[in-house]
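Below is one structure, written out as structure tokens, with a few remarks after it.
The values are calculated or read from the model by the stated rules, or taken from the named source; none is laboratory data. Note that the structure is a prediction, hence the values are computed from the model and not measured. Ideal geometry is used to build each Cβ from the backbone, glycine not excepted, and the neighbour counts take in all protein chains shown. Surface accessibility is based on the protein's heavy atoms, side chains included, excluding ligands, DNA and RNA. Shrake-Rupley method; radii C 1.70, N 1.55, O 1.52, S 1.80 Å.
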Amino acid sequence: MTKTQIALNRQLEAIKNESNQLQKVNLLTVEAKEDIQQAFAKVKSTTTMINATWEAIKRWKQSGENLTWENLKQQTKKGIGFGKTTYEKLRKIAYIPE
């Protein structure tokens, strides 16, 4: 019975992870600032975080580079309003398909 419980717990965890992924915003396809705003509504955030994230996404789209979590993390060091806290919250509410 223990093996069955372990297997069931693993399946439940996989379902939970998939569900969370479906609720996150895809940063590669986000079209409007309002999409970012709605996503940030799931976590405690500020208007500054929303604006900084939207500006970071716009900069990425204009750059022609691939958007990655590493690229976004680098932007936290540039002093453009997109800081570490914003980055960490964004990781909770968004995803970048590989």
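Summary of values
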quantity: Relative packing of 67-74, 52-59, 41-48, 87-94, which averages over residues the other C-beta atoms within 10 Å, highest first; calculated: 52-59, 87-94, 67-74, 41-48
quantity: Sorted largest first, extent of the chain alpha carbons per principal axis (Å); calculated: 54, 28, 25
quantity: The chain: most fluctuating residue of K33, K24, K16 per GNM, C-alpha cutoff 10 Å; calculated: K16
quantity: Summed residue charge, Cβ within 12 Å of G83's Cβ, Lys/Arg positive, Asp/Glu negative; calculated: +4
quantity: Computed [θ] at 222 nm, helices only, for the chain once each DSSP H run of length n ≥ 4 contributes -39500 (n - 2.57); calculated: -20500 deg cm²/dmol
quantity: Whole-number accessible area per residue in Å² for the stretch 4-98, which is evaluated in the context of all protein chains at 1.4 Å; calculated: 69
quantity: Carbon + sulfur, % of accessible area of the chain - ligands and nucleic acids excluded, 1.4 Å; calculated: 50
quantity: Pairs of Cα atoms farther than 14 Å apart, the stretch 34-75, %; calculated: 50
quantity: Cα-projected label distance for Q74 with N51, points at 7 Å along beta-carbon direction, nm; calculated: 2.6
